[in-house]
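Structure first, commentary second.
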Amino acid sequence: MNIQTRETVAEPRISLRERMGMYTDNALKIGLFGSNCSSGRCVTTVPERWTGNWEDNLALARLADARGIEFILPVGRWKGYGGDTDYMGTTLETITWATGLLANTKNLIVFGTVHAPLFHPIIAAKQFVTADHVSSGRFGLNIVVGWNEDEFQMFGVSQREHEQRYEYAQDWIDAVKRCWGPEEDFEFAGKYIKLAKVRAKPKPFGGSRPLIMNAGASPVGRAFAVKNCDAFFMQSSRTSVEETAQKVASVKAEAVALDRAISVFTVGVITCRPTMKEAEEYHHHVVVDQADWAAADQMLALRRITPQTTPMEEFMRLRGQMAHGNSGVPIVGDPDHIARQLIELSRAGLTGIAVSLVNYADELPYFRDEVLPRLQRAGVRC
Ligand SMILES: Cc1cc2nc3c(=O)[nH]c(=O)nc-3n(C[C@H](O)[C@H](O)[C@H](O)COP(=O)(O)O)c2cc1C
(Lines give C-alpha, C1' and ligand atoms only; values in the text may rest on other atoms or scores of the structure.)
Protein backbone atom coordinates (compact mmCIF):
# COMPACT_ATOMS: atom_id res chain seq x y z
CA MET A 1 0.00 0.00 0.00
CA ASN A 2 1.19 3.49 -0.82
CA ILE A 3 0.85 5.76 2.21
CA GLN A 4 1.11 9.41 1.33
CA THR A 5 1.81 11.79 4.18
CA ARG A 6 0.90 14.94 2.33
CA GLU A 7 -0.93 15.88 -0.81
CA THR A 8 1.40 15.64 -3.79
CA VAL A 9 1.36 18.27 -6.52
CA ALA A 10 0.74 16.73 -9.95
CA GLU A 11 3.96 16.67 -11.99
CA PRO A 12 3.64 18.17 -15.48
CA ARG A 13 3.78 15.54 -18.24
CA ILE A 14 6.52 15.80 -20.80
CA SER A 15 6.90 13.61 -23.84
CA LEU A 16 10.06 12.03 -25.23
CA ARG A 17 9.37 14.05 -28.37
CA GLU A 18 9.56 17.29 -26.37
CA ARG A 19 12.80 16.08 -24.82
CA MET A 20 14.20 15.23 -28.26
CA GLY A 21 13.29 18.74 -29.42
CA MET A 22 15.23 20.07 -26.41
CA TYR A 23 12.16 22.25 -25.72
CA THR A 24 12.80 24.59 -28.68
CA ASP A 25 11.63 24.80 -32.29
CA ASN A 26 15.11 25.58 -33.59
CA ALA A 27 15.90 23.37 -36.58
CA LEU A 28 19.60 23.54 -35.72
CA LYS A 29 20.30 22.98 -32.03
CA ILE A 30 23.54 24.36 -30.68
CA GLY A 31 25.43 23.00 -27.71
CA LEU A 32 28.77 23.44 -26.00
CA PHE A 33 31.13 20.49 -25.76
CA GLY A 34 33.91 19.75 -23.28
CA SER A 35 33.76 22.66 -20.84
CA ASN A 36 34.03 20.35 -17.81
CA CYS A 37 37.67 19.68 -18.71
CA SER A 38 40.73 21.91 -18.44
CA SER A 39 41.57 23.33 -21.89
CA GLY A 40 38.23 22.04 -23.22
CA ARG A 41 38.81 20.63 -26.67
CA CYS A 42 41.83 22.71 -27.69
CA VAL A 43 45.22 21.19 -27.02
CA THR A 44 46.96 24.51 -26.54
CA THR A 45 49.24 26.36 -24.15
CA VAL A 46 47.74 29.85 -24.71
CA PRO A 47 47.19 31.55 -21.32
CA GLU A 48 43.51 32.26 -22.05
CA ARG A 49 42.81 28.51 -22.46
CA TRP A 50 39.77 27.22 -20.59
CA THR A 51 40.23 26.50 -16.87
CA GLY A 52 37.38 24.00 -16.62
CA ASN A 53 36.82 25.08 -13.01
CA TRP A 54 33.37 25.23 -11.41
CA GLU A 55 33.05 29.03 -11.32
CA ASP A 56 33.77 29.29 -15.04
CA ASN A 57 31.44 26.40 -15.85
CA LEU A 58 28.64 27.97 -13.85
CA ALA A 59 29.13 31.38 -15.48
CA LEU A 60 29.18 29.74 -18.90
CA ALA A 61 26.03 27.71 -18.26
CA ARG A 62 24.15 30.81 -17.08
CA LEU A 63 25.27 32.72 -20.15
CA ALA A 64 24.24 29.86 -22.44
CA ASP A 65 20.92 29.40 -20.62
CA ALA A 66 19.93 33.03 -21.01
CA ARG A 67 20.79 33.15 -24.69
CA GLY A 68 19.16 30.12 -26.15
CA ILE A 69 21.99 27.62 -26.42
CA GLU A 70 20.20 24.27 -26.18
CA PHE A 71 22.63 21.95 -24.45
CA ILE A 72 25.96 21.34 -22.78
CA LEU A 73 27.78 18.06 -23.31
CA PRO A 74 30.69 17.13 -21.06
CA VAL A 75 33.59 14.82 -21.76
CA GLY A 76 33.86 11.79 -19.49
CA ARG A 77 37.58 11.78 -18.81
CA TRP A 78 39.40 10.48 -15.74
CA LYS A 79 43.04 11.21 -16.39
CA GLY A 80 44.90 13.96 -18.23
CA TYR A 81 47.06 13.53 -21.29
CA GLY A 82 50.23 15.08 -19.89
CA GLY A 83 52.22 17.46 -22.07
CA ASP A 84 53.04 21.01 -20.99
CA THR A 85 49.49 21.68 -19.78
CA ASP A 86 48.48 18.20 -18.61
CA TYR A 87 45.72 18.52 -21.19
CA MET A 88 42.31 17.61 -19.68
CA GLY A 89 44.17 16.84 -16.44
CA THR A 90 41.50 18.57 -14.37
CA THR A 91 37.96 17.38 -15.03
CA LEU A 92 34.69 17.74 -13.19
CA GLU A 93 32.79 14.45 -12.85
CA THR A 94 29.94 14.75 -15.28
CA ILE A 95 26.80 13.63 -13.39
CA THR A 96 27.51 15.78 -10.35
CA TRP A 97 28.63 18.63 -12.64
CA ALA A 98 25.40 18.29 -14.64
CA THR A 99 23.23 18.26 -11.52
CA GLY A 100 24.91 21.43 -10.24
CA LEU A 101 24.40 23.22 -13.54
CA LEU A 102 20.82 22.01 -13.88
CA ALA A 103 20.02 23.40 -10.44
CA ASN A 104 21.32 26.79 -11.60
CA THR A 105 19.67 27.03 -15.03
CA LYS A 106 16.13 27.03 -16.43
CA ASN A 107 16.30 25.89 -20.04
CA LEU A 108 19.52 24.10 -20.85
CA ILE A 109 19.68 20.36 -21.43
CA VAL A 110 22.77 19.14 -19.59
CA PHE A 111 24.21 15.73 -20.41
CA GLY A 112 26.15 13.43 -18.16
CA THR A 113 28.74 11.35 -20.01
CA VAL A 114 28.95 7.95 -18.43
CA HIS A 115 31.31 5.04 -18.99
CA ALA A 116 28.96 2.08 -18.73
CA PRO A 117 31.62 -0.37 -17.41
CA LEU A 118 32.56 1.97 -14.54
CA PHE A 119 29.14 2.78 -13.09
CA HIS A 120 26.77 0.32 -11.48
CA PRO A 121 23.55 0.61 -13.51
CA ILE A 122 21.21 0.93 -10.51
CA ILE A 123 23.27 3.69 -8.92
CA ALA A 124 23.66 5.38 -12.29
CA ALA A 125 19.92 5.14 -13.05
CA LYS A 126 19.13 6.79 -9.73
CA GLN A 127 21.71 9.54 -10.24
CA PHE A 128 20.16 10.30 -13.65
CA VAL A 129 16.67 10.38 -12.17
CA THR A 130 17.87 12.73 -9.44
CA ALA A 131 19.40 15.13 -11.98
CA ASP A 132 16.21 14.85 -14.04
CA HIS A 133 14.03 15.83 -11.07
CA VAL A 134 16.36 18.67 -10.07
CA SER A 135 15.82 20.11 -13.56
CA SER A 136 12.21 19.14 -14.31
CA GLY A 137 13.27 16.93 -17.20
CA ARG A 138 16.42 18.49 -18.62
CA PHE A 139 18.98 15.77 -17.94
CA GLY A 140 20.45 13.83 -20.88
CA LEU A 141 22.66 10.74 -20.90
CA ASN A 142 25.69 10.27 -23.14
CA ILE A 143 26.58 6.62 -22.87
CA VAL A 144 30.19 5.73 -23.70
CA VAL A 145 31.89 2.36 -23.57
CA GLY A 146 35.45 3.70 -23.20
CA TRP A 147 38.55 3.29 -25.28
CA ASN A 148 41.42 4.53 -23.12
CA GLU A 149 43.18 1.54 -21.53
CA ASP A 150 45.26 3.80 -19.30
CA GLU A 151 42.11 5.22 -17.67
CA PHE A 152 40.54 1.83 -17.11
CA GLN A 153 43.64 0.52 -15.35
CA MET A 154 43.25 3.03 -12.55
CA PHE A 155 39.81 1.55 -11.79
CA GLY A 156 41.15 -1.99 -11.84
CA VAL A 157 38.74 -2.69 -14.70
CA SER A 158 39.88 -4.52 -17.84
CA GLN A 159 38.63 -3.32 -21.19
CA ARG A 160 36.63 -5.92 -23.07
CA GLU A 161 37.19 -6.65 -26.74
CA HIS A 162 35.63 -3.91 -28.84
CA GLU A 163 32.37 -5.70 -29.80
CA GLN A 164 31.87 -6.98 -26.28
CA ARG A 165 32.03 -3.42 -24.93
CA TYR A 166 28.84 -2.71 -26.80
CA GLU A 167 27.27 -6.02 -25.73
CA TYR A 168 27.93 -5.03 -22.14
CA ALA A 169 26.56 -1.54 -22.82
CA GLN A 170 23.39 -3.18 -24.18
CA ASP A 171 22.87 -4.98 -20.87
CA TRP A 172 23.68 -1.79 -19.00
CA ILE A 173 21.25 0.46 -20.87
CA ASP A 174 18.53 -2.23 -20.70
CA ALA A 175 19.00 -2.35 -16.92
CA VAL A 176 18.93 1.45 -16.62
CA LYS A 177 15.76 1.64 -18.74
CA ARG A 178 14.11 -1.03 -16.59
CA CYS A 179 14.90 1.07 -13.49
CA TRP A 180 13.30 4.06 -15.21
CA GLY A 181 10.29 2.05 -16.39
CA PRO A 182 6.95 1.49 -14.69
CA GLU A 183 7.81 -1.72 -12.82
CA GLU A 184 7.82 -1.68 -9.04
CA ASP A 185 10.08 -4.68 -8.53
CA PHE A 186 11.99 -6.70 -11.08
CA GLU A 187 14.77 -9.18 -11.74
CA PHE A 188 17.26 -8.54 -14.49
CA ALA A 189 19.15 -11.35 -16.19
CA GLY A 190 21.35 -10.03 -18.95
CA LYS A 191 24.38 -11.69 -20.48
CA TYR A 192 26.77 -9.73 -18.23
CA ILE A 193 24.59 -8.07 -15.63
CA LYS A 194 22.37 -9.99 -13.18
CA LEU A 195 20.23 -8.06 -10.70
CA ALA A 196 17.79 -9.46 -8.16
CA LYS A 197 14.84 -7.86 -6.36
CA VAL A 198 15.43 -4.47 -7.93
CA ARG A 199 13.34 -1.54 -6.77
CA ALA A 200 13.98 1.91 -8.21
CA LYS A 201 11.89 4.93 -7.28
CA PRO A 202 11.24 7.69 -8.19
CA LYS A 203 10.94 7.37 -11.93
CA PRO A 204 12.27 10.09 -14.29
CA PHE A 205 10.45 13.41 -14.35
CA GLY A 206 7.24 13.98 -16.26
CA GLY A 207 6.38 10.44 -17.31
CA SER A 208 9.11 10.08 -19.94
CA ARG A 209 12.75 9.07 -19.76
CA PRO A 210 15.85 11.23 -20.26
CA LEU A 211 17.28 11.75 -23.70
CA ILE A 212 19.99 9.20 -24.53
CA MET A 213 22.87 9.81 -26.93
CA ASN A 214 25.93 7.91 -28.11
CA ALA A 215 28.83 8.73 -30.40
CA GLY A 216 30.16 5.36 -31.47
CA ALA A 217 32.18 5.66 -34.67
CA SER A 218 32.52 1.96 -35.54
CA PRO A 219 29.74 -0.07 -37.22
CA VAL A 220 28.93 -1.77 -33.89
CA GLY A 221 28.92 1.57 -32.05
CA ARG A 222 26.63 3.10 -34.62
CA ALA A 223 24.31 0.07 -34.54
CA PHE A 224 24.12 0.45 -30.76
CA ALA A 225 23.13 4.10 -31.11
CA VAL A 226 20.51 3.40 -33.77
CA LYS A 227 18.95 0.67 -31.62
CA ASN A 228 19.04 2.40 -28.23
CA CYS A 229 19.51 6.15 -28.48
CA ASP A 230 17.56 9.26 -29.39
CA ALA A 231 20.58 11.15 -30.66
CA PHE A 232 23.65 9.97 -32.55
CA PHE A 233 26.77 12.15 -32.64
CA MET A 234 28.95 11.60 -35.66
CA GLN A 235 32.00 13.17 -37.23
CA SER A 236 30.96 15.20 -40.22
CA SER A 237 33.13 15.18 -43.31
CA ARG A 238 35.85 17.83 -43.34
CA THR A 239 35.69 18.06 -47.09
CA SER A 240 32.19 17.41 -48.40
CA VAL A 241 28.74 18.39 -47.16
CA GLU A 242 27.24 15.81 -49.52
CA GLU A 243 29.18 13.08 -47.73
CA THR A 244 27.85 14.35 -44.38
CA ALA A 245 24.30 14.43 -45.80
CA GLN A 246 24.62 10.84 -47.01
CA LYS A 247 25.87 9.66 -43.64
CA VAL A 248 23.02 11.43 -41.84
CA ALA A 249 20.47 9.95 -44.23
CA SER A 250 21.79 6.42 -43.79
CA VAL A 251 21.75 6.65 -39.97
CA LYS A 252 18.15 7.86 -40.08
CA ALA A 253 17.19 5.12 -42.54
CA GLU A 254 18.71 2.49 -40.25
CA ALA A 255 16.57 3.83 -37.40
CA VAL A 256 13.42 3.82 -39.53
CA ALA A 257 14.11 0.18 -40.40
CA LEU A 258 13.92 -0.53 -36.66
CA ASP A 259 10.76 1.58 -36.38
CA ARG A 260 12.65 4.23 -34.46
CA ALA A 261 13.47 7.92 -34.86
CA ILE A 262 16.95 9.28 -34.24
CA SER A 263 18.39 12.79 -34.42
CA VAL A 264 21.89 13.18 -35.79
CA PHE A 265 24.34 15.71 -34.40
CA THR A 266 27.94 16.58 -35.05
CA VAL A 267 30.87 18.23 -33.29
CA GLY A 268 32.72 21.41 -34.26
CA VAL A 269 35.48 23.68 -33.01
CA ILE A 270 34.72 27.32 -33.74
CA THR A 271 37.06 30.27 -34.05
CA CYS A 272 34.94 33.31 -34.85
CA ARG A 273 36.51 36.76 -35.27
CA PRO A 274 35.40 39.98 -37.05
CA THR A 275 37.46 39.20 -40.17
CA MET A 276 38.62 36.01 -41.87
CA LYS A 277 42.22 37.13 -41.44
CA GLU A 278 41.89 37.65 -37.69
CA ALA A 279 40.15 34.28 -37.27
CA GLU A 280 42.78 32.41 -39.29
CA GLU A 281 45.65 34.11 -37.48
CA TYR A 282 44.20 33.38 -34.04
CA HIS A 283 43.46 29.80 -35.01
CA HIS A 284 47.04 29.31 -36.20
CA HIS A 285 48.40 30.93 -33.05
CA VAL A 286 46.36 28.65 -30.77
CA VAL A 287 46.63 25.28 -32.44
CA VAL A 288 49.91 25.49 -34.30
CA ASP A 289 52.34 28.02 -32.78
CA GLN A 290 51.12 27.48 -29.22
CA ALA A 291 49.79 23.92 -29.48
CA ASP A 292 50.65 21.53 -26.66
CA TRP A 293 52.30 19.10 -29.06
CA ALA A 294 53.52 16.76 -26.33
CA ALA A 295 49.92 16.26 -25.18
CA ALA A 296 48.70 15.78 -28.76
CA ASP A 297 51.39 13.14 -29.28
CA GLN A 298 50.34 11.37 -26.10
CA MET A 299 46.68 11.33 -27.22
CA LEU A 300 47.76 9.77 -30.50
CA ALA A 301 50.08 7.27 -28.79
CA LEU A 302 47.12 6.04 -26.68
CA ARG A 303 45.48 5.16 -29.99
CA ARG A 304 48.72 3.51 -31.12
CA ILE A 305 49.42 6.24 -33.63
CA THR A 306 53.12 7.14 -33.55
CA PRO A 307 55.77 7.97 -36.17
CA GLN A 308 56.78 4.30 -35.87
CA THR A 309 53.31 2.94 -36.69
CA THR A 310 52.07 5.57 -39.14
CA PRO A 311 53.53 7.13 -42.31
CA MET A 312 54.96 10.56 -41.40
CA GLU A 313 52.61 12.59 -43.61
CA GLU A 314 49.56 10.90 -42.12
CA PHE A 315 50.99 11.21 -38.61
CA MET A 316 51.49 14.97 -39.05
CA ARG A 317 47.94 15.36 -40.39
CA LEU A 318 46.45 13.49 -37.43
CA ARG A 319 48.63 15.46 -35.04
CA GLY A 320 47.31 18.75 -36.40
CA GLN A 321 43.74 17.44 -36.21
CA MET A 322 44.27 16.31 -32.62
CA ALA A 323 45.53 19.74 -31.56
CA HIS A 324 42.34 21.31 -32.81
CA GLY A 325 39.41 19.56 -31.32
CA ASN A 326 40.13 15.95 -32.15
CA SER A 327 36.99 14.67 -33.89
CA GLY A 328 35.40 18.12 -34.23
CA VAL A 329 35.28 19.82 -37.60
CA PRO A 330 37.20 23.14 -37.44
CA ILE A 331 35.06 26.13 -38.42
CA VAL A 332 37.26 29.21 -38.63
CA GLY A 333 36.22 32.60 -39.94
CA ASP A 334 34.14 35.74 -39.68
CA PRO A 335 30.49 35.57 -38.58
CA ASP A 336 29.20 35.27 -42.17
CA HIS A 337 31.50 32.32 -42.82
CA ILE A 338 30.65 30.57 -39.56
CA ALA A 339 26.92 31.05 -40.14
CA ARG A 340 27.21 29.71 -43.71
CA GLN A 341 28.99 26.59 -42.49
CA LEU A 342 26.39 25.94 -39.82
CA ILE A 343 23.54 26.49 -42.28
CA GLU A 344 25.13 23.94 -44.64
CA LEU A 345 25.32 21.41 -41.82
CA SER A 346 21.66 22.00 -41.03
CA ARG A 347 20.77 21.50 -44.69
CA ALA A 348 22.74 18.26 -44.64
CA GLY A 349 20.07 16.99 -42.24
CA LEU A 350 21.89 17.45 -38.94
CA THR A 351 19.74 18.31 -35.95
CA GLY A 352 22.52 20.06 -34.11
CA ILE A 353 26.14 20.67 -33.37
CA ALA A 354 28.14 20.61 -30.15
CA VAL A 355 30.82 23.27 -30.41
CA SER A 356 33.96 24.12 -28.53
CA LEU A 357 35.69 27.48 -28.19
CA VAL A 358 39.17 28.19 -26.85
CA ASN A 359 37.76 30.18 -23.94
CA TYR A 360 34.06 29.37 -23.99
CA ALA A 361 32.83 32.19 -21.74
CA ASP A 362 34.93 34.92 -23.38
CA GLU A 363 33.99 33.90 -26.90
CA LEU A 364 30.33 32.91 -26.51
CA PRO A 365 28.93 36.50 -26.38
CA TYR A 366 30.43 37.39 -29.78
CA PHE A 367 29.16 34.13 -31.30
CA ARG A 368 25.73 34.76 -29.80
CA ASP A 369 25.54 38.40 -30.97
CA GLU A 370 26.91 37.87 -34.47
CA VAL A 371 26.27 34.29 -35.55
CA LEU A 372 22.91 33.42 -33.94
CA PRO A 373 21.04 36.34 -35.63
CA ARG A 374 22.42 35.24 -39.00
CA LEU A 375 21.10 31.72 -38.35
CA GLN A 376 17.73 33.21 -37.46
CA ARG A 377 17.61 35.22 -40.67
CA ALA A 378 18.40 32.03 -42.59
CA GLY A 379 15.50 30.28 -40.85
CA VAL A 380 17.49 27.55 -39.11
CA ARG A 381 16.84 29.10 -35.71
CA CYS A 382 13.85 31.02 -34.37
C1 LIG B 1 30.62 13.89 -29.42
C2 LIG B 1 31.47 12.80 -28.85
C3 LIG B 1 31.58 12.67 -27.49
C4 LIG B 1 32.36 11.67 -26.93
N5 LIG B 1 32.53 11.64 -25.60
C6 LIG B 1 33.37 10.73 -25.07
C7 LIG B 1 33.70 10.80 -23.71
O8 LIG B 1 33.30 11.73 -23.04
N9 LIG B 1 34.50 9.84 -23.17
C10 LIG B 1 35.00 8.82 -23.93
O11 LIG B 1 35.71 7.97 -23.39
N12 LIG B 1 34.72 8.74 -25.24
C13 LIG B 1 33.95 9.70 -25.82
N14 LIG B 1 33.70 9.67 -27.16
C15 LIG B 1 34.18 8.52 -27.95
C16 LIG B 1 33.00 7.66 -28.41
O17 LIG B 1 32.15 7.31 -27.35
C18 LIG B 1 33.50 6.39 -29.09
O19 LIG B 1 34.19 5.56 -28.19
C20 LIG B 1 34.40 6.70 -30.25
O21 LIG B 1 33.72 7.55 -31.17
C22 LIG B 1 34.87 5.45 -30.95
O23 LIG B 1 33.77 4.73 -31.43
P24 LIG B 1 33.61 3.16 -31.19
O25 LIG B 1 33.44 2.96 -29.71
O26 LIG B 1 32.37 2.80 -31.98
O27 LIG B 1 34.85 2.52 -31.70
C28 LIG B 1 32.99 10.72 -27.76
C29 LIG B 1 32.90 10.86 -29.14
C30 LIG B 1 32.18 11.90 -29.69
C31 LIG B 1 32.14 12.05 -31.20
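The values are calculated or read from the model by the stated rules, or taken from the named source; none is laboratory data. The shown structure was predicted, so the numbers you read here are calculated from the model rather than taken from an experiment. Positions of Cβ are backbone-derived with ideal geometry, glycine not excepted, and every protein chain shown enters the neighbour counts. Side chains are part of the model used for accessible areas, which takes the heavy atoms of the whole protein and leaves out ligands, DNA and RNA. Shrake-Rupley method; radii C 1.70, N 1.55, O 1.52, S 1.80 Å.
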query: From the backbone phi of segment 285-299, what are the Karplus-calculated ³J(HN,Hα) couplings (6.51 cos²θ - 1.76 cosθ + 1.60, θ = phi - 60°) in whole Hz, Gly and Pro given as x?
result: 4, 6, 9, 10, 4, 10, 5, 8, 5, 5, 5, 4, 5, 5, 4
- prompt: Tell me, what % of the accessible area of segment 182-255 is carbon and sulfur with a 1.4 angstrom probe?
  reply: 57 percent
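Given a 1.4 Å probe and heavy atoms of the protein chains only, how would you sort C382, C42, largest accessible area at the top?
Working: C382 105, C42 5 Å².
So, going from the largest accessible area down, we get C382, C42.
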statement: Expressed per residue, the solvent accessible area of segment 300-382 in Å² (1.4 Å probe) is about 44 Å²
query: Leaving out ligands, DNA and RNA but keeping every protein chain, what accessible area does K201 have, in Å² rounded to the nearest 10, with a 1.4 Å probe?
result: 100 Å²
statement: Which residues qualify? For A354, with a placed amide H closer than 5 Å and at least 5 residues away or on another chain, they are G31, T266, V267, G268
- line: Counting only protein heavy atoms and rolling a 1.4 Å probe, one gets per residue an accessible area for segment 88-141 in Å² of 31 Å²
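When DSSP assigns beta bridges and you keep just the ones with both residues in the chain, what percent turn out antiparallel, to the nearest 5?
In the chain, DSSP labels about 15 percent of beta bridges as antiparallel.
Given 0.36 nm per residue, what is the gain on full extension from D150 to S237 after removing their alpha carbon distance, in nm?
Working: separation 87, 0.36 × 87 = 31.32 nm, distance 2.92 nm.
Taking 0.36 nm per residue and subtracting the Cα distance, the gain is 28.4 nm.
Accessible area, 1.4 Å probe, largest first: how do D259, D297, D230 sort? It would help to have the intermediate numbers written out before the result.
Numbers: D259 140, D297 50, D230 5 Å².
I get D259, D297, D230, largest accessible area first.
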- prompt: Using a 1.4 angstrom probe and counting only protein chains, how large is the accessible area of T24 in Å², to 10?
  reply: 50 Å²
statement: Pseudo-spin-label distance T24 to A253, built 7 Å along Cα→Cβ, given in nm, is 3.1 nm
- request: For segment 190-270, list log₁₀ I(q)/I(0) at each q in 0.14, 0.27 Å⁻¹, using the Debye formula over Cα point scatterers of equal strength and ignoring solvent, two decimals each.
  value: -0.61, -1.28
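For segment 48-124, state which GluC sites (Glu not before Pro) are in a DSSP loop and have at most 16 other beta carbons lying within 10 Å of their beta carbon.
Numbers: sites: E48, E55, E70, E93; in loops: E48, E70, E93.
Taking segment 48-124 and a limit of 16 other Cβ atoms within 10 Å, the loop GluC sites (Glu not before Pro) found are E48, E93.
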query: Residues with amide H under 5 Å of T271's amide H, sequence separation 5 or more or different chain, H placed in the peptide plane at 1.01 Å from N; which?
result: I331, V332, G333
Between segment 255-273 and segment 78-93, the alpha-carbon center distance in angstrom: 27 Å
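Quick one: compute the contact order of the chain, relative version, from alpha carbon pairs under 8 angstrom and 6+ residues apart, as a percent.
Numbers: 721 pairs, mean separation 84.5, N = 382.
It comes to 22 percent, rounded to a whole number.
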- request: Percent of Cα-Cα pairs per 20 Å bin, from 0 to the last occupied bin, for the chain, please list those.
  value: 28, 60, 12, 0
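Quote the relative contact order of segment 235-382 in percent (integer), defining contacts as alpha-carbon pairs under 8 Å separated by 6+ residues.
Values: 173 pairs, mean separation 52.5, N = 148.
About 35 percent, as a whole number.
Expressed as a whole percentage, what fraction of the accessible surface of segment 4-116 belongs to carbon and sulfur atoms when a 1.4 Å probe is rolled over the protein heavy atoms? Write out the running numbers ahead of the final one.
Values: 2390 of 4780 Å².
Percent of accessible area from carbon and sulfur atoms in segment 4-116: 50.
Rank-order 355-366, 300-311, 218-229 by packing density, defined as the average count of other C-beta atoms within 10 Å over each peptide's residues, highest first. List each step's numbers first, then the result.
On the way: 355-366: 20.7, 300-311: 13.0, 218-229: 18.3.
The most tightly packed comes first, giving 355-366, 218-229, 300-311.
At 0.36 nm per residue, and after removing the present C-alpha to C-alpha distance, how many nm does the segment from K277 to A261 gain when stretched out fully? Display every interim value, and only then the final one.
Details: separation 16, 0.36 × 16 = 5.76 nm, distance 4.15 nm.
Additional length available on full extension: 1.6 nm.
Å³ per residue of the Cα convex hull, for segment 51-196?
On the way: hull volume 17.0 nm³, N = 146.
Expressed per residue, the convex hull around the Cα atoms of segment 51-196 is 116 Å³.
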statement: Sorted largest first, the C-alpha extents of segment 141-296 along its principal axes in whole angstrom are 63, 39, 31
